[in-house]
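Below is one structure, written out as structure tokens; the observations come after it.
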Amino acid sequence: MMFPVERPRRLRQTEVLRALVRETHVRVDQLIYPVFVRPGEGRREAITSMPGIYQWSVDTLCDHLEEVYGLGVRSFLFFGIPSHKDAGGSEAYSPDGIVQRALQAVRERLPQAVLIADLCLCEYTDHGHCGLLKGDSVDNDATIDVLARTAVVQARAGATVVAPSDMMDGRVAAIRKALDGAGFEQIPIMSYAAKYASGFYGPFREAAENTPSFGDRRAYQMDPANRREALKEVLLDLDEGADMVIVKPALPYLDVLADVKQRVTVPVAAYQVSGEFSMIRAASQMGWLDERRVVEEALLSIKRAGADMIITYFAPEVARWAQEPIVG
Ligand code: PBG
């Protein structure tokens with residue numbers, strides 16, 4: 001036989017041919033765009049460490065999301081910056097808390113949108129930890145009561161989905177029970193099941209104003225060294241009734257994402273977190289990376305590893321790029 005028999009380059013000759021045999025695609029309708037909402041009116045506050053991402057007031061957020069929805073991104077993840085923080089995180093479950101008001105307003109403007117409420121206390125506690133404190137540590141069981149109560153308030157305000165991101169043990173079961181008890185048995189739980197204690201959340205601390213006043217989150221979020229433990233967390237959350245699971249961050253944890261995808265039958269999301277966003281944005285602004293190329297490549301790798309959905313601050317850009325005609 002003549003050498004070489006196999007010539008994989010045959011299928012790479014033109015963009016049309018490459019598109020024909022492409023294995024993985026990023027779909028705009030499977031992107032989730034995270035947003036930050038704060039009190040006030042007519043506000044759009046820049047987040048220095050995340051150029052192009054803002055804290056919105058409810059009115060400007062509605063306009064912004066209407067535009068993004070028009071581009072084809074129809075799922076949004078809500079984070080709130082409350083006017084008042086206290087030890088118990090009470091604005092999280094106040095019926096007129098900031099996220100609840102945003103959910104109501106966006107629900108009215110965009111009745112079909114998927115509104116996902118991030119469910120955690122860290123933005124609402126004055127100490128910045130993800131739950132109630134007992135001494136210097138987070139009291140797991142007291143915290144899940146507050147989370148369950150918050151989930152019901154979020155559902156009542158118009159959330160389509162609740163997404164617990166606190167990493168307390170047993171919270172999915174408690175939230176499911178509370179939602180069902182309040183007549184919200186149709187509200188799905190999207191659990192941040194494998195959430196690592198990551199330095200890549202750095203810029204988010206400025207965006208959501210949730211830096212812990214002491215210590216860090218390593219006593220509840222996962223150790224970056226652990227791979228099998230992610231499956232344990234995911235399987236526990238599924239046992240407790242999670243409808244979808246999230247792996248977070250995304251790019252440094254593609255192995256975990258691939259493991260999870262192989263083992264479960266529920267939809268799997270990956271969260272391309274603030275630090276992943278800012279690294280690409282900053283290097284692109286310096287002219288060191290081509291933003292479109294590397295964003296598309298990073299998102300493809302996350303899909304290839306197994307994500308069905310991707311939570312990404314780049315969602316509006318990706319949607320705009322998808323509207324541009326194919327070249328080549
Ligand atoms: C906390 C929460 C965090 C993120 C989402 N929810 C930060 C943290 O755990 O410290 C990070 C998201 C990002 O970095 O983009 N509930």
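Add +1 for every Lys or Arg and -1 for every Asp or Glu among the other residues with Cβ under 13 Å from the Cβ of VAL245, and state the total.
-2
Compute the long axis of helix 171-181 from its Cα atoms, compare it with the longest principal axis of the Cα atoms of the chain, and write down the angle in degrees, 0 to 90, nearest 10.
That helix lies at roughly 70 degrees to the long axis.
Using a Gaussian network model of the chain whose springs link C-alpha atoms within less than 10 Å, name the residue from LEU251, LEU11, LEU121 with the highest mean-square fluctuation.
Answer for the Gaussian network model of the chain: LEU11.
Relative to the longest principal axis of the C-alpha atoms of the chain, give the angle of the C-alpha long axis of helix 291-305, reported between 0 and 90° and rounded to the nearest 10°.
80 degrees
All other residues with a Cβ under 12 Å from the Cβ of ALA230 taken together, and with Lys, Arg as +1 and Asp, Glu as -1, what is their net charge?
Value of the local net charge: +1.
Rounded to the nearest 500, what is the chain's calculated 222 nm mean residue ellipticity when only DSSP H runs of at least 4 contribute -39500 (n - 2.57) each, over all residues? Intermediate values should be presented prior to the final figure.
Details: 11 runs with 127 residues, N = 328.
Calculated from helices alone, the mean residue ellipticity at 222 nm is -12000 deg cm²/dmol.
Give the percent of DSSP beta bridges with both residues in the stretch 24-245 that are antiparallel, rounded to the nearest 5.
Working: 5 of 26 bridges.
So the antiparallel bridges amount to about 20 percent of the total.
Using alpha-carbon positions, what is the distance between the centroids of the stretch 280-316 and the stretch 100-156, in Å?
Here the answer is 28 Å between Cα centres.
Near ALA197, within a Cβ-to-Cβ distance under 10 Å, what is the net charge of the other residues, with Lys and Arg +1 and Asp and Glu -1?
+1
Quick one: among PHE78, PHE204, PHE214, which has the greatest mean-square fluctuation in a GNM of the chain with alpha-carbon springs under 10 angstrom?
Fluctuation is largest for PHE214.
Which lysines does LYS134 reach when only Cα atoms under 30 Å apart count, and residues fewer than 8 places away in its own chain are ignored?
Leaving aside lysines fewer than 8 places away in the same chain, those within reach of LYS134 are LYS85, LYS177, LYS195, LYS232, LYS248.
Defining a contact as two alpha carbons under 8 Å apart and six or more residues distant in sequence, what relative contact order in percent does the chain show?
Answer for the chain is 18 percent.
Checking the a/c ratio against 1.5 first, then a/b against b/c, what shape does the Cα gyration tensor give for the stretch 24-245?
Values: a/c = 1.33, a/b = 1.23, b/c = 1.09.
Cα axes put the stretch 24-245 in the rounded bin.
Helix 274-285 versus the longest principal axis of the chain: what is the Cα-based angle in degrees, 0 to 90, to the nearest 10?
Tilt of helix 274-285: around 50 degrees.
Over the chain, with a Gaussian network built from C-alpha contacts below 10 Å, which listed residue (VAL37, VAL16, VAL26) shows the highest mean-square fluctuation?
Result: VAL16 has the largest fluctuation of those listed.
Taken together, the values in this text are just the output of simple stated rules run on the coordinates, not laboratory data. Fair warning: this is a prediction, and the values are worked out from it, not measured in the lab. Note that we place each Cβ from the backbone using ideal geometry, even for glycine, and neighbour counts take in every protein chain shown.
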